[in-house]
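The values are calculated or read from the model by the stated rules, or taken from the named source; none is laboratory data. Quick caveat, the model's predicted, so the values are computed rather than measured. Cβ atoms come from the backbone with ideal geometry, glycine included; neighbour counts cover every protein chain shown. When the accessible area is computed, the model is the full protein with side chains, heavy atoms only, and any ligands, DNA or RNA have been set aside. Shrake-Rupley method; radii C 1.70, N 1.55, O 1.52, S 1.80 Å.
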Amino acid sequence: MKKINAVITGVGAYLPDYILTNEELSSMVDTSDEWIMTRVGIKERRILKGEGKGASDLGAEAVKDLLKKTGTSKEDIDLVICTTVTPDHMFPGTSAIICDKVGIHNIQSFDMNAACSGFLYGLDTACKYVQSGSHKKVIVVSAEKMSSITDYTDRTTCVLFGDAATAVLIEPTEEEIGIRDTILRSNGIGRHHLVMKAGGSVKPASHETVDAKEHVVYQEGQAVFKHAVSNMADVAVEIMEKNNLESDEVTWLVPHQANLRIIDATARRMGIRKDQVMINIEKYGNTTSATIPLCLYEWEKQLKKGDNIVLAAFGAGFTWGSVYLKWGYDSK
Ligand code: UT7
């Protein structure tokens, strides 16, 4: 029997209309376009407006886009994995809510939280289901309403994040394409540096936690930066070496979009040129687990079957990792 490989066969996305610019942020907190562009590389980010709207509303639109683009019937989907740090609720899972909003019922679905590395963890999991032969059409939907956990009076974090959702379809193939290798890591030693302090079981919501603004992103930027630069670059180089990939054989590096300086450092360590790197942080900021598939979505038309693509991410936890894949199709 031939080995089953797992391959991405389509990418969908949804970006809310509202654009929050550096100019608008400069009127809200003591910041400037110059600081944000030189220290991070972001010009604008999208924000989901509207009472009662959550990550599932973003995710459902991304899944609908994916089904339409790929001509896939919703009845054929057999697993939906939702990666998010901004679930609609602590429970039930956002994956089930997305399925309901799309009209997919009675299939397997679950949420995963690996923060900014969430897409890599979701992709790896989807891949294993597909490779086992048990599932044929798996969706990884990455849905992040970061604006719901961002403190817009804190200049050190509010300039960084944006809202977005993406959805990718993963299917089996006997061709030598698709996900070739994955390295995933985590180390809870970093948990205090990037965290939402309250609202979980350790510190349930109370008047005190609300007053102390503990239901928003808390980040010690420099500590996270230091770990992100070394770990993301290390793991990307490791996957290249493991798979005998020379720098000029990497068609694209698709890095998590948290800070342009982290992206540049990773590319430098891999020995690749700037034109081999997908970068769209300027337009969307850090959309947590959606950044990598959002790049694939935007670059899809330029991708060719067989392209060597290295994905790399670092996030809260800490979690980090890298995936090496061969792209599965030429754009229609
Ligand atoms: O996606 C998950 C993983 N997350 C990351 O990878 C993020 C990693 N960290 C970073 O990207 C960077 O650390 C930040 C972008 C968050 C911050 O950049 P930084 O160069 O590390 O700045 P800093 O925290 O060292 O702050 C430098 C100065 C401080 O002022 P003083 O103390 O030197 O007077 C800050 O108060 O910049 C100030 N500052 C700002 N000034 C204008 C911080 N935020 C702002 C701001 N506008 N928005």
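Quick check: is even one residue across the stretch 30-48 hydroxyl-bearing (Ser, Thr, Tyr) and without any contact (Cβ under 8 Å) to a residue 24 or more places away in the chain? First the steps, then the outcome.
Taking the stretch 30-48 as the starting set, the residues that turn out to be hydroxyl-bearing (Ser, Thr, Tyr) are 31-32, 38.
Checking the rest, the ones that are also without any contact (Cβ under 8 Å) to a residue 24 or more places away in the chain come to 32, 38.
Yes, the conditions are met somewhere in the stretch 30-48.
Which is open to solvent by less than 10 Å² (accessible area, probe 1.4 Å), away from the ligand (no atom under 12 Å from the Cβ), of a type in the set (Gly, Ala, Ser) and in contact with a Leu (Cβ under 7 Å, 6 or more places away or on another chain), of Ser322, Ser331? I'd like the intermediate steps shown before the answer.
Details: Ser331 fails: open to solvent by less than 10 Å² (accessible area, probe 1.4 Å).
The match here is Ser322.
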(message) Quick check on Phe119: is it among the aromatic types (Phe, Trp, Tyr), touching a residue at least 24 places away in the same chain (Cβ under 8 Å) and within 16 Å of the ligand (Cβ to nearest atom)?
(response) yes
(message) Ser142 - would you say it is surrounded by fewer than 24 Cβ atoms within 10 Å (Cβ to Cβ) and not aromatic (Phe, Trp, Tyr)?
(response) no
(message) Which condition from (1) touching an Asp or Glu at 6+ places or on another chain (Cβ under 9 Å); (2) closer than 17 Å to Arg185 by Cα is the one that Phe318 breaks?
(response) (1)
(request) Could you please tell me which pairs satisfy a Cβ distance under 6 Å, a separation of 6+ or placement on different chains, a first residue in the stretch 151-178 that is more than 18 Å from Lys68 (Cα to Cα), and a second residue that is away from the ligand (no atom under 14 Å from the Cβ) and modelled with pLDDT under 95? (result) Glu174/Lys2
(message) Of everything in the stretch 269-305, what is farther than 12 Å from Trp252 by Cβ and outside any helix (DSSP H, G or I)? Give them in sequence order.
(response) Gly271, Asn280, Gly285, Asn286, Thr287, Lys305
(request) Mind counting the residues in the stretch 28-61 that are farther than 22 Å from Val168 by Cα and small (Gly, Ala, Ser)? (result) 4
(request) For Ser186, work out the one condition from (1) over 19 Å from the mean Cα position of the chain (by Cα); (2) within 20 Å of Phe119 (Cα to Cα) it doesn't fulfil. (result) (1)
(request) Scan the stretch 22-45 and give yes if some residue there is open to solvent by 40 Å² or more (accessible area, probe 1.4 Å) and away from the ligand (no atom under 16 Å from the Cβ), otherwise no. (result) no
(message) Scan the stretch 63-83 and tell me whether some residue there is within 23 Å of Leu296 (Cα to Cα) and within 16 Å of the ligand (Cβ to nearest atom).
(response) yes
(message) The conditions are (1) under 21 Å from Thr157 (Cβ atoms); (2) within 16 Å of the ligand (Cβ to nearest atom), and Gly54 fails exactly one of them. Which is it?
(response) (2)
(message) One residue is enough: does the stretch 281-302 have a residue meeting the conditions modelled with pLDDT of 95 or more, surrounded by fewer than 18 Cβ atoms within 10 Å (Cβ to Cβ) and within 15 Å of the ligand (Cβ to nearest atom)?
(response) yes
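How do the helices (runs of 4 or more DSSP H) wholly within the stretch 152-256 filter down when requiring 3 or more residues that are within 12 Å of the ligand (Cβ to nearest atom), surrounded by fewer than 19 Cβ atoms within 10 Å (Cβ to Cβ) and of a type in the set (Gly, Ala, Ser): which remain? Quick ask: steps written out before the conclusion?
Details: elements: 155-158, 207-211, 221-242.
Passing ranges, in order: 221-242.
Working only within the stretch 111-139, note down all residues that are in a helix (DSSP H, G or I), farther than 14 Å from Ala316 by Cα and open to solvent by 10 Å² or more (accessible area, probe 1.4 Å). Full working, then the answer.
Filtering the stretch 111-139 for residues in a helix (DSSP H, G or I) gives 115-132.
Now drop any that are not farther than 14 Å from Ala316 by Cα, which leaves 122-132.
Answer for the stretch 111-139, where residues must be in a helix (DSSP H, G or I), farther than 14 Å from Ala316 by Cα and open to solvent by 10 Å² or more (accessible area, probe 1.4 Å): Asp124, Thr125, Lys128, Tyr129, Gln131, Ser132.
This table checks each residue for (1) in contact with a helix residue (DSSP H, G or I) (Cβ under 9 Å, 6 or more places away or on another chain); (2) closer than 21 Å to Val40 by Cα; (3) of a type outside the set (Lys, Arg).
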position	(1), (2), (3)
Ser247	yes, no, yes
Val254	yes, yes, yes
Ile263	yes, yes, yes
Arg268	yes, yes, no
Arg273	yes, yes, no
Gln276	yes, yes, yes
Ala290	yes, yes, yes
Pro293	yes, yes, yes
Lys301	no, no, no
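Starting from residues that are more than 29 Å from Tyr324 (Cβ to Cβ) and open to solvent by 20 Å² or more (accessible area, probe 1.4 Å), keep the ones in the stretch 1-21 and report whichever is farthest from the ligand (Cβ to nearest atom). Give the steps one after another, and end with the answer.
Taking the stretch 1-21 as the starting set, the residues that turn out to be more than 29 Å from Tyr324 (Cβ to Cβ) are 16-21.
Restricting the remaining residues to those that are open to solvent by 20 Å² or more (accessible area, probe 1.4 Å) gives 17-19, 21.
On the way: Asp17: 24, Tyr18: 20, Ile19: 18, Thr21: 14 Å.
Restricting to residues being more than 29 Å from Tyr324 (Cβ to Cβ) and open to solvent by 20 Å² or more (accessible area, probe 1.4 Å), the top hit is Asp17.
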(message) Please go through the stretch 58-79 and give me each residue that is touching a helix residue (DSSP H, G or I) at 6+ places or on another chain (Cβ under 7 Å), in contact (Cβ under 8 Å) with a residue 40 or more places away in the chain and open to solvent by 10 Å² or more (accessible area, probe 1.4 Å), ordered by number.
(response) Lys64, Leu67
